[in-house]
Amino acid sequence: MADDIIAVKPEIAAKARIDAAKRAAMVAAEAKDPDAFWRGEMTRIAWMKEPTKIKAVDFNGDVSIKWFEDGVLNASVSCLDRHLATRGDQVAIIWEGDDPNSDAKVTYRELHARVCKLANAMRRLGVKKGDRVCIYLPMIVEAAVAMLACARVGAIHSIVFGGFSPDSLSSRIQDSECTLLITADEGRRGGRKVPLKANADEALLTCPSIRHVVVAKNTGGKVDMMEGRDHWWDALTEGEAAVCEPEPMGAEDPLFILYTSGSTGKPKGVLHTTGGYMVWASYTHQNVFDYRDGEIYWCTADVGWVTGHTYIVYGPLANGATTLMFEGVPSWPDNGRFWQVCAKHKVNIFYTAPTAIRALMRDGEGPVKKHDRSTLRILGSVGEPINPEAWLWYYRVVGDERCPIVDTWWQTETGGILISPLPGAVAQKPGSATLPLPGVKPALVDNEGNLLDGATEGNLVLLDSWPGQMRTIYGDHARFGQTYFSTFKGMYFTGDGARRDADGYYWITGRVDDVINVAGHRMGTAEVESALVAHPAVAEAAVVGMPHEIKGQGIYAYVTLKAGVEATEVLRKELVAWVRKEIGPIATPDAIQWAPGLPKTRSGKIMRRILRKIAANETEGLGDTSTLADPGVVQELIDNKVG
Ligand code: 6R9
């Protein structure tokens, strides 16, 4: 079953932008003369000065990645200005509210005007090229406006997902010393309110770099406004002109920072620059989704994640698409919401995460079949491995076996999709992200970094750069080299493991490092551990991922309490609430096990391999435990496993 092949239907290949022959020609052209290939692709975005230099990359030494380096552009011009003459009155953004009775449409002309007004106001507040601006907004049109207004004035945006706690918001603002925060009174999700401004107020107690706060009125809920610091969006932008000179940006000037979790330490500020990122966003959005003029395209992600950056805002708008922004959740008011929205707005391309598919599968076909999905043409998946069962349900029930599925593998660091079928060119196999896009060079290596040939399994690396690759970790270039280029010399290490079959298809097996993927959200085990040990009752904590039917992985925490503290149900609940408050609801532990001791090597290193197996109930072959300082703790943990 898992190795089923679903061939490209001839009628799909015939109409697609890229069929198998075109794909082969692209791969060959890129291999023969990469500079010529990318010189061709770079014209998909608008340049103030076209680059003459294409690529300058060194994965060794200090690691330096530059694309189109002498080009000059402004990302907002590619997304807005250049469309005004040809599609000014076309809808750019369809906004669908949490409440099924609220929606809105914004044309390219209106979006351009709103972006210019905010950009002018930002300049008036003193925001200049290179300044960092934090965006902490719900899924409302203002989020896209804020991103593009930052791009307009050359400020670097750093979006923090609205589900993060005041502490998480504060540490991200501090790390990149943002001077402006853009937020809203409250957000809405599944009929509930999210107190964004109140969270921001708490965070800002520890953020001296913030000089101004712009507040969008969304729910109308009551909030405190600090005189001189806080400004209502509408009042601030009211008198501003609807035109604004775009800041000329070098191709390698930063466009945004986005914090993401790694194996160790605090979240890293992944930095993307302007030219290469925009080329990659446009190239991948148009080709992977086979986007055609006039189509309605919906990516269900939140703009707080990289998927929202590249595939709700920058990619679709660069390509002149109509992009749908959804404020709500798949399960509210009922489990048919996704399909109701598809029918209401006649969606052609739909892009979501496996965790949502698995959750909706539980309710059977009823809620899907109730709604007309005849406009759907392409279905996409992103964020985590999709199991063949969920893939086939998506294909049969949602797509009526009509719509190709693009299972897109990529990361915050990669800026956009790297491995995915092209719907008119590559046969699909349920559960496989299939083949690299033209220009992308994945490989598998063993733990010593030796390249592996043919059908095999190993660590997924990329042998060469692509324009959308991250350029550095904000403020810590040494950590960039250390994290991604030191494990395997001269290669970018993804942190993922993968299998490659005899057809050369990639099957991503999941993270091989201490990052876990909970419902498509990346979480560092170290972050959850440091939240737990910050609680006065906790002496030590070790966190691992455990298999979870809907979320893919759940969070399993082993907690050692301080001497004299009693392990009670009340304390367990308190610790769960504590982590939610410290990091945010996405980090809620699914299980907490009291651990009188943790399995450690004689040098004091926690043996996570063993803890992962216990959490997964795989206690048969625990492997070598002879290096443990106290092998007895393992049996004790197995006997007291929770869940
Ligand atoms: C875009 C995004 C990246 C990690 C990545 C991998 C997992 C993403 C996947 C997938 C299997 C896919 N991942 N897409 N695994 N198949 N199609 O999700 O970025 O939040 O940085 O997560 O997600 O483990 O390394 P990000």
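The values are calculated or read from the model by the stated rules, or taken from the named source; none is laboratory data. Keep in mind that what you see is a predicted model, and the values were worked out from it rather than measured. Cβ placement follows ideal geometry from the backbone for every residue including glycine, while neighbour counts extend to all protein chains displayed. Side chains included, ligands, DNA and RNA excluded: accessible areas come from the protein's heavy atoms. Shrake-Rupley method; radii C 1.70, N 1.55, O 1.52, S 1.80 Å.
If you check V347, V406, V341, V426 for being at pLDDT 95 or above and more than 24 Å from the chain's Cα centre (by Cα), only one passes: V426.
So, in region 94-133, of the ones that are in a loop (DSSP other than H, G, I, E, B) and of a type in the set (G, A, S), which residue ends up nearest to V313 (Cα to Cα)?
Ranking the candidates gives G97 first.
The set of residues in region 469-511 that are charged (D, E, K, R) and at pLDDT below 95 contains only R511.
Matching residues to (1) open to solvent by less than 20 Å² (accessible area, probe 1.4 Å); (2) within 16 Å of the ligand (Cβ to nearest atom):
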position	(1), (2)
V313	yes, yes
T323	yes, no
D334	no, no
A353	no, yes
D363	no, no
D372	no, no
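Here T264 fulfils each of the conditions (1) within 30 Å of A526 (Cα to Cα); (2) open to solvent by less than 40 Å² (accessible area, probe 1.4 Å); (3) not hydrophobic (A, V, I, L, M, F, W, C) apart from (2).
Condition first: assigned to a strand (DSSP E or B), within 14 Å of the ligand (Cβ to nearest atom) and open to solvent by 40 Å² or more (accessible area, probe 1.4 Å). Now tell me which residues in region 522-555 satisfy that. Matches in region 522-555: R522, Q553. On the stretch given as region 59-90, residues that are open to solvent by 40 Å² or more (accessible area, probe 1.4 Å) and either within 19 Å of L324 (Cβ to Cβ) or of a type in the set (F, W, Y) (or both) total 3.
Selection within region 134-185: residues that are in a loop (DSSP other than H, G, I, E, B) and touching a Leu at 6+ places or on another chain (Cβ under 8 Å). The member of this set that is farthest from A534 (Cα to Cα) is A155. Pairs are defined by a Cβ separation below 9 Å, a sequence spacing of at least 6 or placement on different chains, a first member in region 42-63 that is assigned to a helix (DSSP H, G or I), and a second member that is polar (S, T, N, Q); the pairs so defined are R44/S78; R44/S282; R44/Q286; R44/N319.
Are any residues in region 385-405 near the ligand (Cβ under 8 Å from one of its atoms) and either at positive phi or among the basic types (K, R) (or both), and if so, which ones?
In the first step, residues of region 385-405 are kept if they are near the ligand (Cβ under 8 Å from one of its atoms); the result is 385-386.
Answer for region 385-405, where residues must be near the ligand (Cβ under 8 Å from one of its atoms) and either at positive phi or among the basic types (K, R) (or both): there is none.
Every condition in (1) among the small types (G, A, S); (2) away from the ligand (no atom under 12 Å from the Cβ); (3) open to solvent by less than 30 Å² (accessible area, probe 1.4 Å) holds for S381 except the one numbered (2). The set of residues in region 277-305 being open to solvent by 10 Å² or more (accessible area, probe 1.4 Å) and assigned to a helix (DSSP H, G or I) consists of Q286, N287.
Of everything listed in (1) under 21 Å from S530 (Cβ atoms); (2) crowded, with 17+ Cβ neighbours inside 10 Å, the single unmet condition for I614 is (1). Please verify whether S64 is closer than 20 Å to V270 by Cα and hydroxyl-bearing (S, T, Y), treating the condition exactly as stated. Against the criterion (closer than 20 Å to V270 by Cα and hydroxyl-bearing (S, T, Y)), S64 qualifies.
Close contacts from region 268-294, counting a first residue that is under 16 Å from V406 (Cβ atoms) and a second that is open to solvent by 10 Å² or more (accessible area, probe 1.4 Å) and of a type in the set (S, T, N, Q), with Cβ to Cβ under 6 Å and a gap of 6+ residues or different chains, come to H285/N319; Q286/N319; Y291/N319. Number of residues in region 440-476 that are in contact (Cβ under 8 Å) with a residue 60 or more places away in the chain and open to solvent by 10 Å² or more (accessible area, probe 1.4 Å): the value is 7. Only one of the listed residues (T456, T434, T408, T412) is within 11 Å of the ligand (Cβ to nearest atom) and farther than 22 Å from R522 by Cα. That residue is T434.
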